[in-house]
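Here's the structure we're looking at; comments come further down.
The values are calculated or read from the model by the stated rules, or taken from the named source; none is laboratory data. Every value quoted in this text rests on a predicted model; they were computed, and no experiment measured them. Methodologically, a virtual Cβ is constructed for each residue, glycine included, from the backbone with ideal geometry; neighbour enumeration extends over all protein chains shown.
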Amino acid sequence: MIWDDYPWLTMPYQQLATSILQNRAHHALLINYVQGSGEDKLIKRLANRLLCQASQDLMPCLQCHSCQLFVSHHHPDYYQITPEQGKQSIGIDQIRNMTAKVYEKSQQGGNKVIWIKYAALMTEAAANALLKTLEEPPANTYFILSDDHNSHLLPTIQSRCFSYFLPIPKLEQSVEWLKKQHDKVYSDNELASALLLSENAPLAAKFLIEPERWQQRKIFCENLLNVIPKNDYWSLAATFEHENFLDRVIWFCALLSDALKAKQKTGRYIINRDQVPLIRLLATFSNEKIFSLYELWLHARRQLISITGLNKELIVYNVLAQSELISQ
């Protein structure tokens, strides 16, 4: 089966490809996803099916000339748009260049497909330029817009698209899938923790439990067990690279959230299932202290994600110093 490697994609693909088979596919499809759900593979398969000129089934034939061009990454009627190298956004010139091409005749005599990856990164001017094309789309032309479910695309663009959220698999299914991906043996609690830290996106969890990366998290948690009783957060600065500080911020926020759950007797919703002693230690803090620490580290997360050019070293030192003040 084509989806044996990512079995949770079977149903979403069938749902979306059925409209292609029945010749009623929407000209603009917006796919939101949890990053690491296999979104790229799904979208590429849909694009392949739209371009295939021989299949009478849900799957592309993979044999016709159009399929062969697509598989070899040389299909002249397929366009993938992402931010240009060194840039943080998709500019209006990229959209204009694409628009000029899609209004031309199809070079293979079939459909044209445009995939705008990370669509929310379009500038307002670029989005407005695309809007005009979505309102009067060229014949036999299909747009696929995709982005993380936390991103914000202009409402005017969303209103012109058929929106689809790529569902994530159930936790139990993902745990079983992860067990087959690694030679290293992990406990069910470790696998569940990796998945829950990754919003249950299997590919993101697979990346997290790569031995070196997973070991970094374990060491971080072990260090927390030592520094929290002494209120010596400052010593953490020497234990990790500032470039990887965002990972630690995300992990610590999840631990603080788990501590609040433990205090509220809602342990079944805990994310870090392999770090129960650490969660219990954090739960000895008052609700006020836990909330204050959470807000502090969450603010650092927002800064690191949304603001470029920040001095990460200063952010590290500030967060650690403020953590000691809060925990007094």
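Odds and ends about this structure:
- Residue in region 286-309 that is touching a residue at least 40 places away in the same chain (Cβ under 8 Å) and in contact with an Asp or Glu (Cβ under 8 Å, 6 or more places away or on another chain) present: no
- For beta carbons closer than 9 Å, sequence separation of 6+ or different chains, a first residue in region 240-255 that is small (G, A, S) and a second that is crowded, with 16+ Cβ neighbours inside 10 Å and not in a helix (DSSP H, G or I), the qualifying pairs are A254/I271; A254/N272.
- Verdict on Q108 being surrounded by 13 or more Cβ atoms within 10 Å (Cβ to Cβ) and touching a Pro at 6+ places or on another chain (Cβ under 7 Å): yes
- Filtered residue count, region 139-161, keeping only those that are under 30 Å from E199 (Cβ atoms) and assigned to a strand (DSSP E or B): 7
Let's see how each residue does on (1) over 21 Å from R302 (Cα atoms); (2) at pLDDT 95 or above; (3) of a type outside the set (A, V, I, L, M); (4) part of a helix (DSSP H, G or I):
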{"position": "L178", "(1), (2), (3), (4)": "yes, no, no, yes"}
{"position": "K184", "(1), (2), (3), (4)": "yes, no, yes, no"}
{"position": "E212", "(1), (2), (3), (4)": "yes, no, yes, yes"}
{"position": "N244", "(1), (2), (3), (4)": "no, no, yes, yes"}
{"position": "L256", "(1), (2), (3), (4)": "no, yes, no, yes"}
{"position": "K265", "(1), (2), (3), (4)": "yes, no, yes, no"}
{"position": "P277", "(1), (2), (3), (4)": "yes, yes, yes, yes"}
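- In this structure, L145 does not satisfy being more than 19 Å from K41 (Cβ to Cβ) and not assigned by TED's automatic domain parsing to the domain that holds L255.
- Extreme residue, surrounded by the fewest Cβ atoms within 10 Å (Cβ to Cβ), among residues of region 279-328 that are of a type outside the set (A, V, I, L, M, F, W, C) and not in a helix (DSSP H, G or I): G309
- Some residue of region 180-198 being in contact (Cβ under 8 Å) with a residue 24 or more places away in the chain, touching a Gly at 6+ places or on another chain (Cβ under 7 Å), surrounded by 15 or more Cβ atoms within 10 Å (Cβ to Cβ) and closer than 30 Å to Y13 by Cβ: yes
- Taking (1) in contact with a strand residue (DSSP E or B) (Cβ under 9 Å, 6 or more places away or on another chain); (2) of a type in the set (A, V, I, L, M); (3) loosely packed, with under 15 Cβ neighbours inside 10 Å in turn, A54 satisfies each apart from (1).
- Elements of type helices (runs of 4 or more DSSP H) in region 57-138, at least 1 residues being in contact (Cβ under 8 Å) with a residue 40 or more places away in the chain: 65-71, 124-135
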